1. Just to check I understand the Karplus step: with θ = phi - 60° and J = 6.51 cos²θ - 1.76 cosθ + 1.60, what whole-Hz values come out for the stretch 241-251, glycine and proline as x?
2. How big is the convex hull of the Cα atoms of the stretch 170-218, per residue, in Å³?
3. So I have (1) 28, 24, 21; (2) 35, 22, 20; (3) 32, 23, 19, and one of them is semi-axes √(5λ) of the Cα gyration tensor in Å calculated from this model. Which one is it?
4. Relative to the first principal axis of the alpha-carbon coordinates of the chain, what is the inclination of helix 256-270, with its axis defined by its Cα atoms, in degrees from 0 to 90 and to the nearest 10?
5. What is the set of long-range amide H partners of Leu74 at a cut-off below 5 Å, with H atoms built 1.01 Å from backbone N?
6. Could you rank the peptides 189-197, 271-279, 17-25 by their average count of other C-beta atoms within 10 Å per residue, with the highest value first?
7. With respect to the cross-link table entries Lys9/Lys184; Lys191/Lys332; Lys40/Lys137, which display a Cα-Cα separation exceeding 29 Å?
8. Near the amide H of Gly280, under 5 Å away, which other amide H atoms are found, from residues 5 or more places off or on another chain, if H is placed in the peptide plane?
Amino acid sequence: MEIKEITDKNIWEDFLSGCEEKTFLQSWHWGEFQEKMGSKAFRLGVFDGEKLLSVALVVKVTAKRGTFLLIQHLIKTDGKILETLLNELKKIGKEEKCDFIRVAPLWERNTENQRVFQSLGFREAPMHANVYEATWKLDLSSSEDELLQAMRKTTRYLIRQAEKNPFIAVEQSESLADLEVYQKLNQEVAKRQNFVGFSDEYLKHEFEVFVADKQTLLFFGGYNRDIAAGALIIFWQDTGFYHQAASLEKFAKYSIPYFLQWEAIKEAKKRGCKWYDFWGFTDPAKYPKHPWAGPTLFKMGFGGQAYDYIKTQDLPLSRKYWLTYIFESLRKIKRGL
């Protein structure tokens, strides 16, 4: 087996179309987004002769806490292929003066898969790689009526109440200008909940690369001409991804986010998607105080099931890694994660 950098978008996307477990964080466009953000991206393919066995989008991250190679949502492959990929990553890491390699595997969380990473020298990362390690997904093969019937009774009721309200409407947009409207919602939520949201530059570049192939939409839920909620949905290959969302507290009693979510799910079905990925999950019964517990309860109301993946893995390349490890461990405690 050998590693080659892939420069043809069609080869990359065609291979991923045959993979069952995947997210847009391994898409060709996500690599373009990373490059627009100033990061160095490597689109690596593992080949056996002319046969492509696996792919991995690798990004060099330069941050105050350390410099590292990052693979977000590595697709499932076997141990030998992973070992071949890892040997190449070590070479790149040395050339790029990286302190460690961080991988968020999209591999089912079980003992066998965990042992594969342990055998290669990985250890569990103190923080996840800015992506989910578990998610909630909805199978879209059922009809709209069947999907409604499978929802939590309260969720279905709130959707129907919003549909009947003449003052509530949900609209879609592919306009870059409307990102400003969405970002205002984000900023208000970030201020209310005391966190740092995505920058204008981040949202602009992400939207630009996906909208070029009509793979994203902005959804806005309004009440009597006021924008009350918004969401950025990515439609990539066979899945609609509920990637980002924000809503204003003063409109909470109208349940507009429920209606907006249902409209996004229907759009995913219309586009022929097989799945709707709610983008992130934590078990609210086990972790009721987790910051994601409330949003997860909202997502679960639409039906679906949980998918758990191996936790983010780190492979140290230098002693500097341990400074990152200590810093992130302290930050995790501070955030209550």
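1. 10, 7, 7, 9, 7, 7, 8, 8, 5, 5, 9
2. Working: hull volume 3.7 nm³, N = 49.
Convex hull volume per residue, Cα atoms: 76 Å³.
3. (2)
4. 60 degrees
5. Placed amide hydrogens put Ala104, Leu106 under 5 Å from Leu74.
6. Details: 189-197: 11.4, 271-279: 19.4, 17-25: 16.6.
Top of the packing list down: 271-279, 17-25, 189-197.
7. On the way: Lys9/Lys184 34 Å; Lys191/Lys332 20 Å; Lys40/Lys137 31 Å.
Exceeds cut-off: Lys9/Lys184; Lys40/Lys137.
8. Residues meeting the criterion, in which the H sits 1.01 Å from N, are Trp136.
The values are calculated or read from the model by the stated rules, or taken from the named source; none is laboratory data. Given the structure is predicted, the values throughout are model-derived calculations rather than measurements. A quick note on method: Cβ atoms are made from the backbone with ideal geometry, for glycine too, and the neighbour counts reach across all protein chains shown. In case anyone asks, the SASA skips ligands and DNA or RNA and just uses the protein heavy atoms, side chains included. Shrake-Rupley method; radii C 1.70, N 1.55, O 1.52, S 1.80 Å.
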